[in-house]
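The values are calculated or read from the model by the stated rules, or taken from the named source; none is laboratory data. None of these values were measured; they are calculated from a predicted model. As a convention, Cβ positions derive from the backbone with ideal geometry for all residues, glycine included, and neighbour counts pool all protein chains shown.
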Amino acid sequence: MEYLLMGLAVCVIVFLIAWYIKFNQKQRKKSHVKEKQHVKCPLCDTNLFVGENIISKIYRPMNVPDQLMLISGCPHCYPKCESGVKRICPVCRKPVAQNQCLTARLFNKALGKKHVHVVGCSNCHKPRAD
Ligand SMILES: [Zn+2]
Ligand SMILES: [Zn+2]
């Protein structure tokens with residue numbers, strides 16, 4: 001009888017350790033997702049908080065795999081630049097004027113994930129006529 005109880009206790013302890021490890025892994029995954037949600041403005045490199053959206057226009061319908069996107073900036077650099085904020089093209093590293101914008105491609109992936117790829121600014125990338 002004592003052996004049975006001992007065995008049971010060991011089982012419970014093993015179960016608790018396994019559950020603890022699983023719980024830890026879940027927490028780690030959650031914090032990882034939070035890091036990924038952190039967004040930077042592609043023009044001025046300012047860290048954006050939740051609710052601060054990049055000002056952009058999206059062309060072409062939603063049901064195509066990649067859409068044309070024109071990025072005007074974020075609340076920190078559009079319509080006016082805050083002090084110390086500079087609008088720089090991430091592709092050619094040249095300054096981007098207030099009336100210029102970045103051309104990007106928005107890829108709609110499965111599970112609602114979006115991927116934005118900046119192609120260039122109006123200086124280094126001429127939009128195709130298609
Ligand atoms: Zn910005
Ligand atoms: Zn450029």
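Can you spot a residue in region 49-58 that is assigned to a helix (DSSP H, G or I), modelled with pLDDT of 80 or more, among the aliphatic types (A, V, I, L, M) and surrounded by fewer than 11 Cβ atoms within 10 Å (Cβ to Cβ)?
Just the residues of region 49-58 that are assigned to a helix (DSSP H, G or I), to begin with: none.
No, that holds for no residue.
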On the given criteria, is Pro79 outside any strand (DSSP E or B), within 13 Å of ligand 1 (Cβ to nearest atom) and in contact with an Asp or Glu (Cβ under 7 Å, 6 or more places away or on another chain)? no
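How many residues are among the polar types (S, T, N, Q) and more than 16 Å from ligand 2 (Cβ to nearest atom) when one looks only at region 75-108? Steps first, answer last, please.
Taking region 75-108 first, the residues among the polar types (S, T, N, Q) are 83, 98-100, 103, 108.
Of the ones still in play, those that are also more than 16 Å from ligand 2 (Cβ to nearest atom) are 83, 108.
Qualifying residue count for the region: 2.
Looking at this structure, is His38 at pLDDT below 85 and either surrounded by 10 or more Cβ atoms within 10 Å (Cβ to Cβ) or within 15 Å of ligand 1 (Cβ to nearest atom) (or both)? Before the answer, list the steps.
Values: at pLDDT below 85: yes; either surrounded by 10 or more Cβ atoms within 10 Å (Cβ to Cβ) or within 15 Å of ligand 1 (Cβ to nearest atom) (or both): yes.
Yes: the conditions hold for His38.
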